[in-house]
Each structure stands twice: as structure tokens, then as C-alpha cells.
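One structure is given here, and the rest of the page talks about it.
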Amino acid sequence: MSDIREIWLHAHRMLRSGRRIINENLKPLGLSSSEGNILLHLLTQGADLPQEQLVEQLDVSKPAISRVLVSLEEKGFITRHPDPHDRRAFTVRLTVRAQAAGPAIEQAYNRLYELALQGIPREELERVLPLLARVGENLARGGQSSEGGAA
């Protein structure tokens, strides 16, 4: 009988394999999957983003985002500019180099999505998405009970 452990194992394998594939696809650009994730997000947002907003939207820790942004800045893909109202905060801006690499970055992720969906009918995907969304919501709540204070 199937249980949540199987979902967990499959999810872990999907993420690990996806990261490996993205790393391979982004290698010619000199990027890692972590860097690609941030660049793809910035490319699809179409605007400069506060670093704090990246932390929230990508659900990644501040130290992890900072490390990746330093690397992207050193590689010439982004610039960070101090917020005029809060000197501790930075706004992240894509460079011309990142804009030029944008189509290749998007293509790397699109290839991953196409590979993941091979042989899966749309109806089947639509049936499983609500389940995965609920599992994700349960975990995002961090184990907080969804039941009221029933005695």
C-alpha cells in the first residue's frame, strides 16, 4: 500500500534529478541550478526586485540568497544597489549579460519541464496537482494543526 513516504521519496528524487539536469544545461553559461533559479525568477518578473522579496518569493534563506547573489554579481549577471530608504537592503537588477543569456536559461528550464512531462496525459497531471498542493500547504504550515481547538 502506498503512503506519504513514497511521495516524499519520489519528490526527493525529482528534485535531485531536476537539479542535476539544470546544472548540466546551464554549465555552458557558467551557472549552477541555484543561480539559474534566481535568474529565471528575475527574468520572468521583468523588473528590479528587492533582495528581501527574492527571499520571500523563492522561499530561500537570506544567507543562501546572499551567497548566490554575490556569485552572480562576480560573474556579471546582476548588480545590487542599496535601497535609498534602508542602507541594509539591496535591490537586484539584471545586467545586459543576464538579459542576453535569458533565452538560453529559459530554454534549459523548458527542456526540464518537457522531459518531466513525457508520457503524462494532461488529465493525469491535473488530477495530481491538487494533492501535491495540499501536501505542500501542510508542510508550509510546519505541522500546525489544521483542526480548531477541539477538546
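The values are calculated or read from the model by the stated rules, or taken from the named source; none is laboratory data. Only a predicted model underlies this, so the values are computations on that prediction, with no experimental measurement involved. Glycine also receives a Cβ, built like all others from the backbone with ideal geometry; neighbour counts cover every protein chain displayed. Note: areas computed on protein heavy atoms with side chains; ligands, DNA, RNA excluded. Shrake-Rupley method; radii C 1.70, N 1.55, O 1.52, S 1.80 Å.
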*Evaluate the stretch 141-150: report whether one residue or more is closer than 25 Å to Met14 by Cβ and polar (S, T, N, Q).*
no
_Which count do you get for residues in the stretch 86-98 that are under 13 Å from Pro50 (Cβ atoms) and open to solvent by less than 100 Å² (accessible area, probe 1.4 Å)?_
6
*Looking at the stretch 80-89, is at least one residue modelled with pLDDT of 90 or more and among the acidic types (Asp, Glu)?*
no
*Of (1) modelled with pLDDT of 95 or more; (2) assigned to a helix (DSSP H, G or I), Val55 satisfies all except one. Which?*
(1)
*Those residues that are touching a strand residue (DSSP E or B) at 6+ places or on another chain (Cβ under 7 Å) and among the basic types (Lys, Arg), I need them from the stretch 86-122; list them, please.*
Arg93
*Any pair with Cβ under 9 angstrom, 6 or more apart, that starts in the stretch 2-31 at a residue that is more than 18 Å from Ala104 (Cβ to Cβ) and in contact (Cβ under 8 Å) with a residue 24 or more places away in the chain and ends at one that is of a type in the set (Gly, Ala, Ser) and part of a helix (DSSP H, G or I)*: Met14/Ala116
*Would you say Leu112 is under 21 Å from His12 (Cβ atoms), surrounded by 10 or more Cβ atoms within 10 Å (Cβ to Cβ) and at pLDDT below 95?*
no
*When you scan the stretch 45-61, how many residues do you find that are open to solvent by 80 Å² or more (accessible area, probe 1.4 Å) and in contact (Cβ under 8 Å) with a residue 24 or more places away in the chain?*
1
_Selected residue (criterion: most open to solvent (accessible area, probe 1.4 Å)) from residues of the stretch 62-85 that are in contact with a strand residue (DSSP E or B) (Cβ under 9 Å, 6 or more places away or on another chain) and outside any helix (DSSP H, G or I)_ = Pro82
